[in-house]
Amino acid sequence: MIDEKKIYTEALRLVRESPDNIYKADFANCSYINGKCSNGATGCLFGQSISNVYPKQDLEPLEGESIGGILEGRVIANNENYSFTSGFNTIGSFSHFLSCVQHNQDGGLNWKEAWNRAINVVSHDLEPLELETV
């Protein structure tokens, strides 16, 4: 199961660990398994987060999908190897926040800026959630 609260928590840990980290894709789009970060790691913030939380998870089928789509179960829903759960009551808006982080990261912002800008963009929609700034 890919639990969005666990992915949020791990992504926040990674952002705090390497706030100035910048991801550069090998191709035009973000990749969960390719591309390099300025700290030497491979894969984007969410590829690393999913791999750290679920080390046996195959990320290849997730390529090309947004983190929001993955966490909301809109993608690869018929793949029996994946199931999805929501760790928050406001289904959709949490995934929207992580999608904003992903978009900011893909636009070349360092992870701290990507995270904090996403909070500024969606905070009015997420008041029940206590999102942590970095």
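A few comments on the model shown:
- When we screen THR85, THR9, THR42 for residues that are among the hydroxyl-bearing types (Ser, Thr, Tyr) and modelled with pLDDT under 90, the only hit is THR85.
- Qualifying residue in region 116-131 (condition: of a type in the set (Ser, Thr, Tyr) and modelled with pLDDT of 80 or more): no
- Residue within region 56-75 that is modelled with pLDDT under 75, touching an Asp or Glu at 6+ places or on another chain (Cβ under 9 Å), of a type in the set (Gly, Ala, Ser) and part of a loop (DSSP other than H, G, I, E, B) present: no
- Any hit, region 1-8, residues being surrounded by fewer than 21 Cβ atoms within 10 Å (Cβ to Cβ) and without any contact (Cβ under 8 Å) to a residue 40 or more places away in the chain: no
- Subset of region 10-41 that is under 15 Å from the mean Cα position of the chain (by Cα) and free of Cβ contacts under 8 Å to residues at least 12 places away in the same chain - its residue that is surrounded by the fewest Cβ atoms within 10 Å (Cβ to Cβ): ARG13
- Subset of region 28-40 (residues that are closer than 17 Å to ILE67 by Cβ and assigned to a loop (DSSP other than H, G, I, E, B)): ASN29, CYS30, SER31, TYR32, ILE33, ASN34, GLY35
- Filtered by the rule that a residue be among the hydroxyl-bearing types (Ser, Thr, Tyr) and closer than 18 Å to ASN104 by Cβ, region 1-50 gives TYR8, SER18, TYR23, SER31, TYR32, SER38, SER49.
The values are calculated or read from the model by the stated rules, or taken from the named source; none is laboratory data. Owing to the predicted nature of the structure, the values given are computational and were not obtained by experimental measurement. Reconstructed Cβ throughout: ideal geometry from the backbone, glycine too, with neighbour counts over all protein chains shown.
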